[in-house]
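**Q** I have a structure here, written as structure tokens, and I will follow up with some questions on it.
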Amino acid sequence: MHLINPEEITLGALIGEGGFGKVYYGDWAGQEVAVKVMSAEASHQAVVLQEFQREVVTMTMLPGHPHVLRLLGACIQPPLMALVTPYCPKGSLYALLHSPTVQLSWGQVAFICWGAAKGMHHLHSHHVIHRDLKSGNLLVEESLCVRVADFGLARVMHDLHTLTGGLGTFQWMAPEVLAHQRYSKKADVYSFAVVLWECTARQVPYAGVSGIQAALAVMHRGLRPDIPGHTPPALASLIRDCWQPLPDQRPSFSDVAARLEAMYRDFTST
């Protein structure tokens, strides 16, 4: 990992923020970058520091991939704790989907999701489970190439091992995660189903329902968002397969990517 001197970075406009701090558009070594800066308050919180360190370690250990956000370098000494990554001009997939001015064809939707699935397959093939996969953690290039991002909750695991603990964002969390049961890579596949649903519904999952109500209904009543009637059958089928209640019934990201590639070629061949 490249250690960056804070004086080498020029911060520009604020482009995002969260519990850890803020993300700025910036310039480093003559290139456009995104700079994820930990706030002074967050840097004194052990949990947030652990997430920062885990993100650095995960991004450093992963071999490069066109659909996974690359770590260019980091500032790891106070007062500036920051991650420097390539700048993705279109922002997150969440922002794209919830912009009233953005129109996406089914071919573009399939292309975006195909890229995301390839990125997730790369993570899983290196025994990394994301644990917070959602549209807000998928960054979009001008070309609509998607990069999986935000590895603060990611964990390295062996194929034969499972994890426990309810981490992530509840609207995208698998029922076994919500229930604090043992879970595996297939929890990411469930989360991806909700991302696929967002791409056709262009809505926030479980809007108007409290977090606890939605979580309980997902766990105990098999609640899922309603798939819009205009959704192409192949995409609707993939969504249903990916959010199956039993993890073993969900496909792998290799299978998901193959199905999305077929959809992309079908949508763009006519």
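The values are calculated or read from the model by the stated rules, or taken from the named source; none is laboratory data. Given the structure is predicted, the values throughout are model-derived calculations rather than measurements. Cβ atoms come from the backbone with ideal geometry, glycine included; neighbour counts cover every protein chain shown.
**Q** Got at least one residue in the range 250-266 being over 19 Å from the mean Cα position of the chain (by Cα) and closer than 20 Å to Asp132 by Cα?
**A** Checking the range 250-266: not a single residue is over 19 Å from the mean Cα position of the chain (by Cα) and closer than 20 Å to Asp132 by Cα.
**Q** Right, next: Between a residue in the range 104-133 that is under 20 Å from Leu238 (Cα atoms) and modelled with pLDDT of 95 or more and any residue that is surrounded by fewer than 22 Cβ atoms within 10 Å (Cβ to Cβ) and of a type in the set (Ser, Thr, Tyr), which pairs come within a Cβ distance under 7 Å, given they are 6 or more apart or on different chains?
**A** Gly107/Tyr264; Gly107/Thr268; Ala110/Tyr264; Phe111/Tyr264; Trp114/Tyr264; His121/Ser254
**Q** Test of understanding: among Ile227, Ile239, which residue is surrounded by 14 or more Cβ atoms within 10 Å (Cβ to Cβ) and in a loop (DSSP other than H, G, I, E, B)? Steps first, please.
**A** Details: Ile239 fails: in a loop (DSSP other than H, G, I, E, B).
Being surrounded by 14 or more Cβ atoms within 10 Å (Cβ to Cβ) and in a loop (DSSP other than H, G, I, E, B) holds for just one of Ile227, Ile239, which is Ile227.
**Q** For residues that are among the acidic types (Asp, Glu) and closer than 27 Å to Glu51 by Cα, scanning just the range 91-147, find the one that is nearest to the chain's Cα centre (by Cα). Talk me through it step by step, then tell me what you get.
**A** We begin by selecting, within the range 91-147, every residue among the acidic types (Asp, Glu); these are 132, 141-142.
After this cut, where a residue has to be closer than 27 Å to Glu51 by Cα as well, the list is 132, 141.
Numbers: Asp132: 6, Glu141: 15 Å.
Here the residue is Asp132.
**Q** Sticking with this one: List, please: which pairs have Cβ atoms under 7 Å, are six or more places apart or on different chains, and start with a residue in the range 248-267 that is surrounded by fewer than 15 Cβ atoms within 10 Å (Cβ to Cβ) and end with one that is in a helix (DSSP H, G or I)?
**A** Hits for this filter: Ser254/His121.
**Q** Of the conditions (1) buried (at least 21 other Cβ atoms within 10 Å of the Cβ); (2) in contact with an Asp or Glu (Cβ under 9 Å, 6 or more places away or on another chain), Pro89 clears all except one; give me its number.
**A** So the condition that Pro89 fails would be (1).
**Q** Does the range 214-224 contain at least one residue that is under 22 Å from Val148 (Cβ atoms) and in contact (Cβ under 8 Å) with a residue 12 or more places away in the chain? Don't jump to the end; show me each part of the working.
**A** Here is the first cut: in the range 214-224, the ones under 22 Å from Val148 (Cβ atoms) are none.
No, the range 214-224 has no match at all.
**Q** Spot the failing condition for Leu97; the list is (1) farther than 23 Å from Ile129 by Cα; (2) in contact with a strand residue (DSSP E or B) (Cβ under 9 Å, 6 or more places away or on another chain); (3) modelled with pLDDT of 90 or more, and only one is missed.
**A** Evaluating Leu97 over (1) farther than 23 Å from Ile129 by Cα; (2) in contact with a strand residue (DSSP E or B) (Cβ under 9 Å, 6 or more places away or on another chain); (3) modelled with pLDDT of 90 or more leaves (2) as the failure.
**Q** While we're looking at this one, here's another question. I need every pair where a residue in the range 199-210 that is in contact (Cβ under 8 Å) with a residue 40 or more places away in the chain has its Cβ under 8 Å from the Cβ of a residue that is exposed (fewer than 14 other Cβ atoms within 10 Å of the Cβ), sequence separation at least 6 or different chains.
**A** Thr200/Pro228; Thr200/His230
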